[in-house]
Amino acid sequence: MERVALYPGSFDPWTNGHLDILSRAVKMFDKIIVTVAVNNKKSAVFNGEERIKLIKESIKKYDWAGQVEIIQFTGLLVDLAREKKVNVLLRGVRQISDFEYEFRMALANRRLAPEVDTVFLMPDEQLTFISATIVKEIAAWGGDLSSFVPDNVGKALRKKYET
Ligand code: PNS
């Protein structure tokens, strides 16, 4: 049986931390569905299509790229998991402070869909400080993003904040 996991997130933008988690997950699962959550009530730098394109570009050089599908969704994650017949959700945890929110979300998802479990992975310790919020702040002030995001994401961010 194919082992499949959903890797959900806002990914606005996709960072080196997300890429690191994905590169670990492909060793454990046959297929990862990167699920870009599009929340129309939340203002975002990149729309869903742009985020998908940036993720695709950033992984195409890896030999595991074929194991990854990238989709966008709006709604409850467990509904998507059921629709896709996937019972593993994958989330990255960088620090203890992430854990409280992640723990609540994992248990809420389990209450909604008992067959769905959440697997947590830790990124490389050098990447634990990276967050999409910090990346956007650096981008807004024209800082060096090279160690925070893949090159193509850095370029796209610079373009967004140019005007
Ligand atoms: O990258 P993020 O913003 O931390 O990702 C959070 C995300 C998108 C995974 C979470 O908000 C989510 O699953 N949203 C969809 C609605 C849902 O199912 N919420 C969880 C029920 S508690």
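The values are calculated or read from the model by the stated rules, or taken from the named source; none is laboratory data. On a predicted model such as this, the values are computed, not experimentally measured, just so you know. Positions of Cβ are backbone-derived with ideal geometry, glycine not excepted, and every protein chain shown enters the neighbour counts. Heavy atoms of the whole protein, side chains included, go into the accessibility calculation; ligands, DNA and RNA do not. Shrake-Rupley method; radii C 1.70, N 1.55, O 1.52, S 1.80 Å.
Miscellaneous remarks
- Whichever residue in region 33-53 is in contact with a strand residue (DSSP E or B) (Cβ under 8 Å, 6 or more places away or on another chain) and among the charged types (D, E, K, R) and, among such residues, is farthest from SER10 (Cα to Cα): GLU49
- Filtered residues of region 15-63 (kept if open to solvent by 60 Å² or more (accessible area, probe 1.4 Å), in contact (Cβ under 8 Å) with a residue 24 or more places away in the chain, closer than 20 Å to VAL135 by Cβ and in a loop (DSSP other than H, G, I, E, B)): ASN39, LYS42
- Selected residue (criterion: most open to solvent (accessible area, probe 1.4 Å)) from residues of region 111-136 that are free of Cβ contacts under 8 Å to residues at least 12 places away in the same chain and not hydroxyl-bearing (Ser, Thr, Tyr): ARG111
- Residue list for region 70-87, filter: exposed (fewer than 15 other Cβ atoms within 10 Å of the Cβ) and either within 15 Å of the ligand (Cβ to nearest atom) or over 14 Å from ASP117 (Cα atoms) (or both): ILE71, THR74, GLY75, LEU76, ASP79, GLU83
- Any chance LEU112 is modelled with pLDDT of 95 or more, touching a Leu at 6+ places or on another chain (Cβ under 9 Å) and within 9 Å of the ligand (Cβ to nearest atom): yes
- Members of region 1-43 found to be among the small types (Gly, Ala, Ser) and either at pLDDT below 95 or near the ligand (Cβ under 10 Å from one of its atoms) (or both), listed by number: GLY9, SER10, ALA37, SER43
- Just one residue in the set GLY143, GLY75 is in a loop (DSSP other than H, G, I, E, B) and over 22 Å from VAL38 (Cα atoms); that residue is GLY143.
- Qualifying residue in region 97-106 (condition: within 12 Å of the ligand (Cβ to nearest atom), under 20 Å from ASP12 (Cα atoms) and aliphatic (A, V, I, L, M)): yes
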